[in-house]
Amino acid sequence: MRNAGRIVVAMLYCTSLVALFHPTHISAQNARITGRVTDVTGTPLAGANIILRGSVLGAAADVQGRFSIDNIRPGTVVLVCSMIGYRSVTRTLSLVSGDTVAVSLVLEESAISTGEVVVTASKHAQSFEEVPVSVSMLKAEEIESRGITRLDNALRQIGGVNVAEDQVNIRGSSGYSRALGSRVLLLMDGVPVLAGDAGEIKFDAIPMYSVERIEVVKGAGSALYGSSALGGVINIITKEVASTIARARVIGGLWDSPRHEQWKWWGDSPRINTGLDAQYGDTDGRLSYLITGGIHRDQGFRKTDDYLQWNTGGRVWYRLSTERNFAASMTYSSNDRGNWIFWRNLNNALVPPEDRDLTERVHSTKFLASAQYRTTHSSRFASTLRMSAYRTSFDTRSDISDFSFRPSDRVQSTAWQSQAEWQGTLAMSNLQLLTFGMEVSNVQVDSRTYGQRRAYSGALYVQNEIALTEGWHLSAGGRFDITAVDTLDADMQVNPRFGATYNLADGVIARASYGWGFRAPSVGERFAAAAGGGLITKPNPLLKAERSTSYEVGIKHHLPWRGMLDVAVFRNDYTNLVEATIDPADGRIVFRNITEARILGYEISAQTLPWEIFDVAISYTYMFPRDLGTNSILKYRPRHLLYVSGTWNIGAWGLGVDNRYISRMEEIDAELSEVIPDADRRVPIHVTDVRVSWSGRVSGLPLRLTALLGNAFNYHYTEVVANVAPIREFRFMLETGIGE
């Protein structure tokens, strides 16, 4: 452990030296491109992205749609301009030394985007067509039109992804382990946001009103992102300010009665939920900032499952010079909720067991601070230093119980996770791009549940991307990780990744990828000693790291009738999967490396805009999740996911329908039925959401009024054992504001 700590310290020292003292070389004889981005009506498109292929240079359009890119090497360059909701534009330009070239870029609006830029797949901005893995995206407009205020509800809209309460499952990578461990890495603007103790995603830590888009990379991502990217990566990209923003929304709603009269426990008074979000931002060219805050309260449809949540945060950008940019952000959220765990039985599915302390509540806070410093050393080389600190804290409280008599029932923990990363991007030529870097992190846990723990990790990574011809793009890379917890032996991992894309024809792109993944067990999985709902856990510090191997081939076709079709076939192999098991010796739950698994499947997604007023998106995922040890279906994995959504826009009116079908999970832990009544009662999931909106102006003030009907047919189902998922909900949302 001591050697692991020394290695981490040495890597952090090297990171700081490289980032702070690497020289900057800018030639005065380089060329410059200036321009303006507008739509077909001549309206400026603030925030449009402009990148220069084969270099590390790029820019974003300001409020007038203007941009400039300096310090460009003379020669032939390819300029790519894109913006969410518009078709991308590509320009080839010839530049001479000292030249300044002005261009005018006009983007056509389209619900089907082509050439859109993503940043998560390879840790830098690149076109969708060059990405060798499956990537899905959910945009701000799609999030806000649905009135989504929590990250988990946003992820439920993305094909190939299903959420089981607090677990995110990408193509079957995750089963269900309540609040412990995640096989999907969550990032916010490239910064990890997993709790340092339990290694879980805290959905309420993300300020959804600030989200620009969500990028989801499917398959093992450890070659660039390390531990927890075993099954994929989710990156939350927040808004950047290009003009003045001042907006707000008010949300109010209520829960309908369940279909079964015996389930209704609250009498005639309705169970309501309310929310308020506000945002303000501005820019003067060099300095930009964005401040967001919100408060949400839900009385809940399950007894003792109410919550009061509020959050605040801000982000600031400062352009020190044309070569140096600085950004910093902070978010804080607080959540006070009832301590709901399992139902009493199927006849009393919305109330807890009779022996539960109904006054128990869990109070949690999440604080994330991060900073990023980017330097463009030349037209070929840029570096970025990221630093962050993430604090999570939760504690169980009761008005009537003395936890000294049942200490394991008081689940409490505070964890700090600090992280630093230096990344370099080097354009070795117009056809070759090298991404490399180093990363270190430190975790400190002070917990009644997990004990006093410390964990360290360090990593080195590199990826080389080459455009062999106009149609072929190849990538190869890998990452070395070292992790250690307390006095346990350090665990070292090497994870490679290979990928390729090929333009078969105009608008037809084939891709293939192969990569390794790993996940170090969380502090919670190793050391949890807690009780809840009749279940008791015990520690197992000797857990090994999980490993995965991911294969994928796919093809993307831009259809002639304004549509896109994407087909992928995948295979994921897993070893040493950590699963919660019941020890027959004492009846306690313990986490063990017991499972070797293989998941085969395919995914088909399509989006089309047959008419200007109507678009539809369909995603179907089939999986065969097999436990190789028992030759049975892997627990807590569905075989079929089918998501369909349609949107109609006629004048000021809009109508949207979303439908999710998830097949019945074939296998769960049969032993749970010995502790939880009716634990094995489960059905397929059929959920339909409907929304109707009106947009216009009242007394010169822009307004949008939306009526939302969640689970329109009031279908009762469970996502996890003994927990009825949301029943029918009525909500209204009123929005107003200026800016983006």
Practice task
Take every Cα pair under 8 Å in segment 629-679 that's 6+ residues apart, average their separations, divide by the length, and report that relative contact order as a whole percent.
Solution key: 40
Fill in the blank from the handout: Kirkwood Rh over alpha-carbon pairs of segment 422-578 plugged into Stokes-Einstein at 25 °C, 0.890 mPa s gives a D in µm²/s of 129
Fill in the blank from the handout: Taking W416, W694, W340 and counting other beta carbon atoms within 10 angstrom, the fewest-first order is W694, W416, W340
Practice task
For the chain, calculate the relative contact order in percent as a whole number, restricting contacts to Cα pairs under 8 Å that are 6 or more residues apart.
Solution key: 11
Problem - Residues M438, M665 arranged by fewest to most Cβ contacts within 10 Å - result: M438, M665
Completion exercise
Here the relative contact order (percent) of segment 590-712, from C-alpha pairs under 8 Å and at least 6 apart, is 18
Exercise for the section: Please compute the net charge surrounding I170, taking Lys and Arg as +1 and Asp and Glu as -1 over other residues with Cβ under 9 Å from its Cβ. Expected result: +3
Practice task
Kindly express, to the nearest 10 degrees and within the range 0 to 90, the angle between helix 2-21's C-alpha long axis and the longest C-alpha principal axis of the chain.
Solution key: 30
Exercise for the section: Give me the net charge of A597's neighbourhood, meaning all other residues with Cβ under 13 Å from the Cβ of A597; Lys, Arg count +1, Asp, Glu -1. Expected result: +2
Fill in the blank from the handout: Here the equivalent ellipsoid of the chain, derived from its Cα gyration tensor, has semi-axes (largest first, whole Å) of 41, 31, 25
Handout entry: Exposure proxy order (Cβ contacts within 10 Å, fewest to most) of K218, K556
Key = K556, K218
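Computed from the coordinates by the stated procedures, all read-outs in this text should not be read as laboratory data. The shown structure was predicted, so the numbers you read here are calculated from the model rather than taken from an experiment. Positions of Cβ are generated from backbone atoms using ideal geometry, with glycine treated the same way; all protein chains shown enter the neighbour counts.
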